[in-house]
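In what follows, a single structure is set out as structure tokens and then discussed.
Read-outs throughout are calculated quantities, based only on the coordinates presented, and are distinct from any laboratory measurement. Since the structure is predicted, the reported quantities are computational estimates derived from the model, not experimental observations. As a convention, Cβ positions derive from the backbone with ideal geometry for all residues, glycine included, and neighbour counts pool all protein chains shown.
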Amino acid sequence: MEILGLMSGTSLDGLDIAHVSFAFQAETITFELLHFHTFSYPESILEKLKNATNLNSEELQIFDKELGAYFAEMVNVFMQKNKISKQQIAAISSHGHTVFHQPHRGFTLQIGCGSTMAFKTGIDVINDFRSLDVIAGGQGAPLVPIGDFHLFGDKASAFLNLGGFSNISFRKHGQIQAFDISPANLPSNLLMQTIGKSFDQDGQLAQSGKINPSLLEQLNSLAYYAQKAPKSLGIEWLNKHYMPLLNRSENIADLLCSHTEHVAIQIAHVLNTENLTSVFITGGGTKNTYLLERLRVHFNGTCLIPEKEIIDFKEALVFAFLGARHLRGEPTNVPSVTGANQELCTGVLHRAR
């Protein structure tokens, strides 16, 4: 079964597309990552994504369709470039772009209209993987752990993704546990944007700064870290509780340095507390060499870094896997992870014709 997995993350670094072939045997699942590419957002869409939480309901409806059309256009470009025929692809499996994530209030919203994508590509689309889990009392996140253990289970004792937020998955008492640990790339990117840059290359500016002990203590004392899983983070929490602490008139390098130290401490605390001996790290933050250096200082075990295409495209690959499971009628959530009251085949299927 061949699926196109689409991922648009909170760090706004672009639309990831992964063309993946899956083979399902009785006891094993194998995959091949055939083609992959990240499409940078045009400025017009990037500005709307940054401002999406402030759009009114009518504007959000319009943008949902616009983003779906953009996703479809990029899929068509991707397929043409890689000489992939529509007949090869069982479905497009799209994460969409998260605008609101408030499971405690019973909803989560990922935009990028599935019907628009299906019509404009001529391929069936599966999206909205999180809503049904939230309806069943879950967090709707994280969903990636099911892929971690089916596709990479023999690689390490834990799996860490460093995206806009950091999230982890591991087995405990035979059950998969997973949750968002802390903010990661998103605060760094927001700070860099104040000086006209999009991100801190290799964490160089953070490395040049000094830790502010008072700020670090404030960050480490946030109530979220004392909560028990299942738990997840969203932009709303970041804007309300985290970014105000970084909104101070001191040196940007010092703010970045303090934030990076905080992230490393929080991740290492979880790994060490759970007695995990190795962690398989993916996501854009894996390229932040200073963050990894600080993590290695605090973590007692081994950090494993896979090949570049897995670092960059694991989430798109896993959403392709979720799409394949949806088509097979298999569960796509893990109740021990999300807190949902049952296993569910989540996602909404949009027929192309």
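Structural remarks
- Relative contact order of the stretch 286-353, defined on C-alpha pairs under 8 angstrom at six or more residues apart (%): 18
- Placed amide H near T108: partners under 5 Å, 5+ positions off or other chain: Q102
- Descending semi-axes in whole angstrom, ellipsoid equivalent of the stretch 156-305, from the Cα gyration tensor: 25, 17, 13
- Taking every DSSP helix (H) stretch of at least 4 residues in the chain, weighting each as -39,500 (n - 2.57) and dividing the sum by the residue count yields a mean residue ellipticity at 222 nm of -11500 deg cm²/dmol.
- Remark: the stretch 56-61, residue by residue, has Karplus-estimated 3J(HN,Hα) of 7, 4, 5, 5, 5, 4 Hz, where x stands for each Gly or Pro and the curve is 6.51 cos²θ - 1.76 cosθ + 1.60 at θ = phi - 60°.
- Phi-derived couplings, Karplus 6.51 cos²θ - 1.76 cosθ + 1.60 at θ = phi - 60°, listed residue by residue for the stretch 161-175: 10, 9, x, x, 10, 9, 9, 9, 9, 6, 9, 9, 6, x, 10 Hz, with x used for Gly and Pro.
- Protection-proxy order for peptides 128-135, 209-216, 291-298, each taking the mean of Cβ atoms within 10 Å per residue, highest first: 128-135, 291-298, 209-216
- Proximal lysine pairs, the stretch 156-305, alpha carbons under 23 Å, eight or more residues apart or interchain: 7
- Highest mean packing comes first when the peptides 64-72, 41-49, 110-118 are listed by Cβ atoms within 10 Å, giving 110-118, 64-72, 41-49.
- Amide H contacts of I181: S166, N167, I168, each under 5 Å away and 5 or more positions distant or on a separate chain (H built 1.01 Å from N in the peptide plane; Pro and chain starts excluded).
- Cα pair distances in the chain, grouped into 20 Å bins until the bin that holds the longest one, percent each: 31, 60, 9
- In this structure, the amide hydrogen of H350, modeled 1.01 Å from its nitrogen in the peptide plane, lies closer than 5 angstrom to those of V125, I126, N127, counting only residues at least 5 positions away or on a different chain.
- Using θ = phi - 60° in the Karplus curve 6.51 cos²θ - 1.76 cosθ + 1.60, the 3J(HN,Hα) couplings for the stretch 108-121 round to 8, 9, 10, 9, x, 3, x, 5, 4, 4, 5, 5, 7, 10 Hz; x is entered for Gly and Pro.
- For the chain, the relative contact order is 23 percent, taking Cα pairs closer than 8 Å that sit 6 or more residues apart in sequence and dividing their mean separation by the residue count.
- Take every DSSP beta bridge whose two residues both sit in the chain; close to 75 percent of them are antiparallel.
- Taken over the stretch 212-282, the percentage of Cα pairs per 10 Å bin, counting from 0 up to the bin with the maximum distance, is 16, 48, 31, 6.
- Amide N proximity, the stretch 108-145 versus E73 label position 7 Å along Cα-to-Cβ, cut-off under 14 Å: 117, 120-121
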